[in-house]
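A.B. asks: Here's a structure for you.
The values are calculated or read from the model by the stated rules, or taken from the named source; none is laboratory data. From a predicted model like this one, the values you see are computed outputs, not experimental measurements. Backbone-built Cβ (ideal geometry, glycine too); neighbour counts: all protein chains shown.
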Amino acid sequence: MKILSWNEARSLKGAAIRAGRASGIYLIGAIREKLGIPMSYEWVYVGRSNRLSRRLIEHLPENEANPYLQSWIRDIGEDLVVRFAVVPDTETAGVEKALVRALTPQHNRIMFNTEKQ
């Protein structure tokens, strides 16, 4: 998989505005910082969309269909982080699959076989 150019936002709305109508991949997680320096990330959801702004808005707590992810987003507060990368629509499925395998996010409903990579 090629190296992606990631953008980061500290809210779903902020990520949606910055991503616009582009297609791509996104990660939802928590960032742990010390003195304002990122120390670690915990990625809980990986997704893809042919229109990132629309899909990211669907993850707002009032819109989220996955009850576990909805609860997690409500509870995480200021530690929420969203990363997204613009990827051609024809490549998003493969990139999503590779990221789910690598990160094993706890709130993705679909998990890809991690034994054969």
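A.B. asks: Given the conditions (1) over 13 Å from Ile28 (Cα atoms); (2) in a loop (DSSP other than H, G, I, E, B); (3) modelled with pLDDT of 95 or more, report the number of the one that Lys116 does not fulfil.
C.D. replies: Every condition holds for Lys116 apart from (3).
A.B. asks: Oh, and also: Suppose we filter the range 1-49 for residues that are closer than 20 Å to Lys97 by Cα and in contact with a strand residue (DSSP E or B) (Cβ under 9 Å, 6 or more places away or on another chain); how many remain? Steps first, answer last, please.
C.D. replies: So in the range 1-49, the residues closer than 20 Å to Lys97 by Cα come out as 1-7, 22-29, 41-49.
Remaining after also requiring in contact with a strand residue (DSSP E or B) (Cβ under 9 Å, 6 or more places away or on another chain): 4-7, 22-29, 41-49.
Going through the range 1-49 one residue at a time, the tally reaches 21.
A.B. asks: Out of (1) within 14 Å of the chain's Cα centre (by Cα); (2) among the β-branched types (Val, Ile, Thr); (3) assigned to a helix (DSSP H, G or I), the odd one out for Thr90 is which?
C.D. replies: (1)
A.B. asks: Of the residues in the range 1-33, how many are closer than 20 Å to Asn108 by Cα and free of Cβ contacts under 8 Å to residues at least 24 places away in the same chain?
C.D. replies: Total satisfying the criteria: 0.
A.B. asks: Which ones in the range 34-55 are outside any helix (DSSP H, G or I), touching a helix residue (DSSP H, G or I) at 6+ places or on another chain (Cβ under 8 Å) and either free of Cβ contacts under 8 Å to residues at least 40 places away in the same chain or surrounded by fewer than 17 Cβ atoms within 10 Å (Cβ to Cβ) (or both)? Reasoning before the result, please.
C.D. replies: As a first pass, look at the range 34-55 and keep what is outside any helix (DSSP H, G or I): 34-51.
If we keep only those that are touching a helix residue (DSSP H, G or I) at 6+ places or on another chain (Cβ under 8 Å) as well, we get 43-50.
The answer is Asn50, and nothing else.
A.B. asks: Sort out which residues of the range 57-106 are within 19 Å of Pro38 (Cβ to Cβ) and either aromatic (Phe, Trp, Tyr) or without any contact (Cβ under 8 Å) to a residue 60 or more places away in the chain (or both), and write them in order of number.
C.D. replies: Of the range 57-106, the ones within 19 Å of Pro38 (Cβ to Cβ) are 76-85, 99, 102-103, 105.
Residues satisfying the conditions are Ile76, Gly77, Asp79, Phe84, Ala102.
A.B. asks: A further question follows. Among Glu8, Glu58, which is the only one that is within 11 Å of the chain's Cα centre (by Cα) and under 20 Å from Val95 (Cβ atoms)? Write out each step before concluding.
C.D. replies: Details: Glu58 fails: within 11 Å of the chain's Cα centre (by Cα).
Result: Glu8 is the single residue among Glu8, Glu58 that is within 11 Å of the chain's Cα centre (by Cα) and under 20 Å from Val95 (Cβ atoms).
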